[in-house]
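Trainee: I have a structure here, written as structure tokens, and I will follow up with some questions on it.
The values are calculated or read from the model by the stated rules, or taken from the named source; none is laboratory data. Just so it is clear, the structure is predicted and the values come from calculations on it, not from any experiment. Note that each Cβ is placed from the backbone with ideal geometry, even for glycine, and that neighbours are counted across all protein chains shown.
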Amino acid sequence: MLTAALASFILISCSDDDDMPTPGTIGISTTNDSYDEGDGTIGITISTSSVYATDVTINYELTGTATEGEDYQSLAGSVVLPAGETTIVESLTLIDDTEVESSEEVILTITSTSNDEDIIGANNSLIITITDNDSYPFENGILVSHEGNFSQGNASISFVSGDLTTVENGIFKTVNDVDALGDTAQSISFHENMAYIVMNGSQKIEVVNRYTFESVTTIGGPNETDFLNPRYMAIANGKGYVTNWGDGSNPDDDYVAVIDLETNTVESTISVAEGPEKIITKDNTIYVALQGGFNQNNGVTVIDATTNSVTTTITVGDRPNSMQIDDSGNLWVLSSGNPAWTGNETAGQIDKINTSDNTVTTTMNYAVTEHPGSLEIEGATLYYYSGGSVYAMDTTASVLPTTAEIEGLRFYDMAVIDGKLYGVDAKDFVSNGSLEVYDLSDNTLFASKTLSIIPAGIYYNETAAR
């Protein structure tokens, strides 16, 4: 594509026989209007429709968001169109740096010519966009949290590139040159450019830049009182909300910690019933699944993030373990039911909740021996894991599926991202685990990657805003 900005000059040519001006037009053009910073040298063609008997000096200035000397090499500020010629090419050399940055513009504007009587028209500029070709090391890929062995301090975070060709284990330790991340990486949450790694055993949250994994700060710690068995975190009304099981011997000390994300400090707590686990938000309403912690529970507590007060608790199945919100704003809650070892085994259950009035509109029950988990959603399809298989159902369904999509699995957790099913297998919980990726268009195994010890959470880390 030829991009041309016509700099409407009137260049005057006179002779002894004729003192009337002869109009001429100078035009500026490049092959494209946008270039990658790695493209090297760009030719900017300055041409005229008239031929002049003497050299014409054309003066220009460079402005725009791009910086001379940093984004492109300095130019002279003028070119000479030789007598008898109709074109001259000025070379703009781009600098290919390693900094991740937004696209920037170079604006070349013709300001004058060597003929004092020349008149410059309104369209005298050419805009060139320079696009960045650099990326952050951990964007556009999958982050996997690893619990590690309890009390061994060997929790870690892995990164798997979006094309699944590269796996980097232990990225927090490597980037920050530390011996350990801590004990039991429970979950990861994102807010803007930050990632919040909830460390259950270390009673802390590590705050890092989500794209570089450089440490920003630590909230809490084993010798602090900010958290007590922290689990999961969600963001609402500009605050962070972290579920805490409290002391396992005390059923009345469970709470949600409220974090000021500007200061990275715990500013208050909200008391809830026993075992707050997964947490999800819809606008400024927070839903907390009461799984039961070290015991069993069967509710979803609703918190108003504008007042940080509990408004109601919705009864669902025993041990709610995962939640999703569909495109219509309905909350889906999957409960595993009490396991057999409790001596009071109960069936799993899935509930659909109308979030406008927080009432249960649909309940579907599993068999007593079925204990589903890991509810995921993509578009209008819900996915869950049960008995070594993954099942799918539409958000309009009123009965449970009877046929599995994929069987023979050993997932410790799973996620559905862009038409692919990602599942982590913790193996024997002392050896390296793996990430298994299935293409949901045909339910075939797409890739398998070796990870570190006890992979337990899967998170898509999007491309950073430029």
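Trainee: Would you point out the residue of segment 389-426, among those that are among the hydrophobic types (A, V, I, L, M, F, W, C) and closer than 21 Å to SER328 by Cα, that is surrounded by the fewest Cβ atoms within 10 Å (Cβ to Cβ)?
Mentor: VAL399
Trainee: Condition (residue is acidic (Asp, Glu) and closer than 23 Å to PRO372 by Cα) applied to segment 244-267: is it met by at least one residue?
Mentor: No, that holds for no residue.
Trainee: Hey, can you tell me all the residues within segment 140-153 that are at pLDDT 95 or above and assigned to a loop (DSSP other than H, G, I, E, B)?
Mentor: ASN140, GLU147
Trainee: Something else about it: Any residue that is more than 18 Å from VAL106 (Cβ to Cβ), touching a residue at least 12 places away in the same chain (Cβ under 8 Å) and of a type outside the set (Gly, Ala, Ser) - is there at least one of those in segment 56-67? Break it down stepwise before answering.
Mentor: Of segment 56-67, the ones more than 18 Å from VAL106 (Cβ to Cβ) are 56-57.
Those left that are additionally touching a residue at least 12 places away in the same chain (Cβ under 8 Å): 56-57.
Filter again for of a type outside the set (Gly, Ala, Ser), leaving 56-57.
Taking every residue of segment 56-67 in turn, at least one turns out to be more than 18 Å from VAL106 (Cβ to Cβ), touching a residue at least 12 places away in the same chain (Cβ under 8 Å) and of a type outside the set (Gly, Ala, Ser).
Trainee: Further question on the same structure: Just to be sure I understand, how many residues within segment 326-344 are exposed (fewer than 15 other Cβ atoms within 10 Å of the Cβ) and either of a type in the set (Ser, Thr, Tyr) or in contact (Cβ under 8 Å) with a residue 60 or more places away in the chain (or both)?
Mentor: So the answer is 3.
Trainee: Could you pull out the residue among TRP332, TRP341 that is more than 26 Å from ILE417 (Cβ to Cβ) and of a type in the set (Phe, Trp, Tyr)?
Mentor: Going through TRP332, TRP341 in turn, the sole match is TRP341.
Trainee: I would also like to ask the following. Output the number of the condition that GLU345 fails; it satisfies all remaining conditions of (1) outside any loop (DSSP other than H, G, I, E, B); (2) more than 28 Å from the chain's Cα centre (by Cα); (3) farther than 22 Å from PRO230 by Cβ.
Mentor: It fails just one condition, (1).
Trainee: Quick check on this structure: which one of THR263, THR361 is β-branched (Val, Ile, Thr), touching a residue at least 24 places away in the same chain (Cβ under 8 Å) and either in a loop (DSSP other than H, G, I, E, B) or in the same structural domain as ASN250 (by TED's automatic domain parsing) (or both)? Quick ask: steps written out before the conclusion?
Mentor: On the way: THR263 fails: touching a residue at least 24 places away in the same chain (Cβ under 8 Å).
Result: THR361 is the single residue among THR263, THR361 that is β-branched (Val, Ile, Thr), touching a residue at least 24 places away in the same chain (Cβ under 8 Å) and either in a loop (DSSP other than H, G, I, E, B) or in the same structural domain as ASN250 (by TED's automatic domain parsing) (or both).
Condition check ((1) more than 25 Å from THR403 (Cβ to Cβ); (2) free of Cβ contacts under 8 Å to residues at least 40 places away in the same chain) across all residues:
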site: VAL300; (1), (2): yes, no
site: THR313; (1), (2): yes, no
site: SER322; (1), (2): no, no
site: THR346; (1), (2): no, yes
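Trainee: Does VAL178 satisfy the criteria of being within 25 Å of ILE453 (Cα to Cα), among the β-branched types (Val, Ile, Thr), in a strand (DSSP E or B) and without any contact (Cβ under 8 Å) to a residue 60 or more places away in the chain?
Mentor: In short, no.
Trainee: Which of the residues belonging to segment 289-316 are assigned to a loop (DSSP other than H, G, I, E, B) and either at pLDDT 95 or above or at negative phi (or both)?
Mentor: Once the filter is applied, which keeps residues that are assigned to a loop (DSSP other than H, G, I, E, B) and either at pLDDT 95 or above or at negative phi (or both), segment 289-316 yields GLN291, GLY292, PHE294, ASN295, GLN296, ASN297, ASN298, ALA305, THR306, THR307, ASN308, VAL316.
Trainee: Scan ILE235, ILE171 and give me the residue that is surrounded by fewer than 23 Cβ atoms within 10 Å (Cβ to Cβ), at pLDDT 95 or above and within 18 Å of SER158 (Cβ to Cβ).
Mentor: Residue meeting the stated conditions: ILE171.
Trainee: Does segment 269-289 include one or more residues that are farther than 21 Å from GLN203 by Cβ, in the same structural domain as TYR385 (by TED's automatic domain parsing), among the polar types (S, T, N, Q) and more than 23 Å from the chain's Cα centre (by Cα)?
Mentor: No.
Trainee: Separate question: Could you figure out which of (1) out of contact with any strand residue (DSSP E or B) (no Cβ under 8 Å at 6 or more places or on another chain); (2) surrounded by 14 or more Cβ atoms within 10 Å (Cβ to Cβ); (3) within 15 Å of SER386 (Cα to Cα) isn't true of ILE350?
Mentor: Every condition holds for ILE350 apart from (1).
Trainee: Still on this structure, please answer the following. So in segment 448-466, with the set limited to residues that are farther than 18 Å from GLU376 by Cβ and out of contact with any Gly (no Cβ under 9 Å at 6 or more places or on another chain), which one is modelled with the lowest pLDDT?
Mentor: Top of the filtered list is ARG466.
Trainee: Still on this model: Give all pairs with beta carbons closer than 7 Å in which a residue from segment 146-166 that is within 22 Å of TYR438 (Cα to Cα) meets a residue that is outside any loop (DSSP other than H, G, I, E, B) and hydroxyl-bearing (Ser, Thr, Tyr); count only pairs at least 6 apart in sequence or on separate chains.
Mentor: HIS146/SER156; HIS146/SER158; HIS146/SER452; ILE157/SER145; SER158/SER452
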